[in-house]
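Here is the structure we will look at, set down as structure tokens.
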Amino acid sequence: MANGINELFDEVINRGLCAGCGACITGCPYIVAHAGRIVALDKCTGSEGDCYKHCPRTFFDFDGVSEAVFGKAYPGGEMGQVLEIFMARATDPEILKRGQDGGTVTSLLALALEEGLIDAAVSTRMDAEKAPHGSVARSRRELLESAGACYEVGFSLEAYRSLPAESTEKLAIVGTGCQVEALGKIKREPPQNSPDPRNIRFTLGLFCGWALAPGTFHPYLKSLCELSQVCKFEIPPRPRYSFEFHFENDREAGSVSLDVIKPHINSGCHYCWDMTAEFSDVSIGSAETFPGWNTVLVRSPRGAELLALATEKGILETRELPEEKLSHLKWAALQKKRAAVEKITEKSGSKNDLLHIGRPPEESADILSRWNIL
Ligand SMILES: Cc1cc2nc3c(=O)[nH]c(=O)nc-3n(C[C@H](O)[C@H](O)[C@H](O)COP(=O)(O)OP(=O)(O)OC[C@H]3O[C@@H](n4cnc5c(N)ncnc54)[C@H](O)[C@@H]3O)c2cc1C
Ligand code: SF4
Ligand code: SF4
């Protein structure tokens, strides 16, 4: 059955499932992000749309997407397909300083640009008032400007969807799990009016527990501090339980309890099963590592080649991830799946209807058994 914008609103947006990935924007002239949510500018008469097809919150065919991304069926487990796991950090002091944790993402993008492996990197950049936007970086300077994490939903795949369809630029795209899932769907069924997804040479996925809803969180954040003076947001590791904002000058950092922040979590994030961005070439986070380092999961041969080049060139310093940290990472990734399944079941009203994860009972049961949570 053909599905388009009407079904996208009925099944995803109006049900509070939207992840804010931005994949549906600019594929068509009717959809825009406004005040932190997706809105329709006009009635679309088309019965079938890329907006519905590529949304990570419409049915996700795990095996089909995995075939398109990795050339094999979805293996399941806590973290999906993984070839190598280690810790890494940048050796370049400027990247270390500007990067969120170990600067691994920015280092890999800078290397790929420098080596001509890509022409541009699509990621997320904060404006002067610290609101996130999709951005396209074509130089080291632009890459440094988009380093660091914004914890608000950024709709940043809009930046890829806005590139001219005839563009032949080789791309790397950085995104959270939902964004990487949308890219997997795009690779499986290429869009009509965006660049050929074969131009995407690398997908760098970010670990993600949740993102904040810009509509309510941004005004709150604005009431806390002068945003133009903030140089970094941070959620430090346990046992601290806070959201912090740091300033350029020596001014003391601001801090709020996560209890105050959590009511601002984007509603769609509660239905997200993907903590480690399972459909990327390389996934990068800070969970279970040491301050100033990243946890790195290499998932594809092309990701492995990029990491090998980075170590050979001395761009990254790497270390083994201690076994107990890996076990905890797997546990946390599984907990996210369990929590998502619980929330999805609450929403659909039936254990046999897992919405985007699987609908007929056999499909739902199949994916749950691959996650070992039956
Ligand atoms: C919303 C969000 C939630 C996260 N939650 C977790 C978590 O629970 N556990 C964990 O281990 N790690 C989490 N991370 C990842 C972590 O914050 C770092 O991004 C990651 O460790 C990479 O560090 P780095 O030093 O290599 O990043 P950098 O080299 O600084 O590069 C960061 C990259 O992230 C991009 N980016 C910034 N904001 C966003 C955004 N909103 N959406 C998409 N891309 C963005 C930037 O453009 C840049 O390319 C989260 C990140 C985000 C954006
Ligand atoms: S999840 Fe992404 S593709 Fe789906 S409606 Fe939201 S922004 Fe659009
Ligand atoms: S929690 Fe999931 S849906 Fe929300 S931003 Fe992170 S990856 Fe996307």
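Data overview
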{"quantity": "Residue within the stretch 157-173 that is within 16 Å of ligand 2 (Cβ to nearest atom), out of contact with any Gly (no Cβ under 8 Å at 6 or more places or on another chain) and either among the aliphatic types (A, V, I, L, M) or more than 22 Å from residue 19 (Cα to Cα) (or both) present", "calculated": "yes"}
{"quantity": "Members of the stretch 195-217 found to be outside any loop (DSSP other than H, G, I, E, B) and either within 15 Å of ligand 3 (Cβ to nearest atom) or surrounded by fewer than 19 Cβ atoms within 10 Å (Cβ to Cβ) (or both), listed by number", "calculated": "198, 199, 201, 203, 204, 205, 206, 212, 214, 215, 216, 217"}
{"quantity": "Residue 175 being of a type in the set (Gly, Ala, Ser), assigned to a strand (DSSP E or B) and within 15 Å of ligand 3 (Cβ to nearest atom)", "calculated": "yes"}
{"quantity": "Residue 134, sole failed condition from (1) touching a residue at least 40 places away in the same chain (Cβ under 8 Å); (2) out of contact with any Asp or Glu (no Cβ under 6 Å at 6 or more places or on another chain); (3) of a type in the set (Gly, Ala, Ser)", "calculated": "(2)"}
{"quantity": "Output for the stretch 274-310, where each listed residue is over 20 Å from residue 67 (Cβ atoms) and in contact with a Cys (Cβ under 9 Å, 6 or more places away or on another chain)", "calculated": "275, 285"}
{"quantity": "Verdict on residue 190 being more than 22 Å from residue 289 (Cα to Cα), more than 16 Å from ligand 3 (Cβ to nearest atom) and without any contact (Cβ under 8 Å) to a residue 40 or more places away in the chain", "calculated": "yes"}
{"quantity": "Candidate set: the stretch 15-36, residues that are closer than 17 Å to residue 272 by Cα and buried (at least 16 other Cβ atoms within 10 Å of the Cβ); chosen: the one farthest from ligand 2 (Cβ to nearest atom)", "calculated": "15"}
{"quantity": "Filter result (within 15 Å of ligand 2 (Cβ to nearest atom) and either within 10 Å of the chain's Cα centre (by Cα) or among the basic types (Lys, Arg) (or both)) within the stretch 188-209", "calculated": "188, 208"}
{"quantity": "Pick from the stretch 285-341, criterion touching a strand residue (DSSP E or B) at 6+ places or on another chain (Cβ under 7 Å) and basic (Lys, Arg), ranking: surrounded by the fewest Cβ atoms within 10 Å (Cβ to Cβ)", "calculated": "319"}
{"quantity": "The stretch 29-57: number of residues that are away from ligand 3 (no atom under 16 Å from the Cβ), closer than 17 Å to residue 157 by Cα and of a type in the set (A, V, I, L, M, F, W, C)", "calculated": "5"}
{"quantity": "Residue list for the stretch 244-267, filter: within 23 Å of residue 22 (Cβ to Cβ) and either of a type in the set (A, V, I, L, M, F, W, C) or surrounded by 24 or more Cβ atoms within 10 Å (Cβ to Cβ) (or both)", "calculated": "261, 265, 266"}
{"quantity": "Qualifying residue in the stretch 239-246 (condition: within 11 Å of ligand 1 (Cβ to nearest atom), of a type in the set (A, V, I, L, M, F, W, C) and touching a Gly at 6+ places or on another chain (Cβ under 8 Å))", "calculated": "no"}
{"quantity": "Exclusive hit being under 22 Å from residue 213 (Cβ atoms), surrounded by fewer than 20 Cβ atoms within 10 Å (Cβ to Cβ) and not small (Gly, Ala, Ser), set 12, 39", "calculated": "39"}
{"quantity": "Any hit, the stretch 52-66, residues being in a loop (DSSP other than H, G, I, E, B), of a type in the set (Lys, Arg) and touching a residue at least 24 places away in the same chain (Cβ under 8 Å)", "calculated": "yes"}
{"quantity": "Residue within the stretch 222-233 that is farther than 21 Å from residue 101 by Cα and in contact with a Ser or Thr (Cβ under 9 Å, 6 or more places away or on another chain) present", "calculated": "no"}
{"quantity": "Those residues of the stretch 218-244 which are assigned to a helix (DSSP H, G or I) and of a type in the set (Phe, Trp, Tyr), in sequence order", "calculated": "220"}
{"quantity": "Criterion (over 26 Å from residue 374 (Cα atoms), acidic (Asp, Glu), assigned to a helix (DSSP H, G or I) and assigned by TED's automatic domain parsing to the domain that holds residue 180) met by exactly one of 288, 317, 324, 305", "calculated": "305"}
{"quantity": "All strands (runs of 3 or more DSSP E) inside the stretch 84-142 with 1 or more residues being at pLDDT 95 or above and surrounded by fewer than 20 Cβ atoms within 10 Å (Cβ to Cβ)", "calculated": "84-90, 132-137"}
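The values are calculated or read from the model by the stated rules, or taken from the named source; none is laboratory data. This one's a predicted model, so the numbers in the text were calculated from it and none came from an experiment. For neighbour counting, all protein chains shown are included, and Cβ atoms are generated from backbone atoms with ideal geometry for every residue, glycine included.
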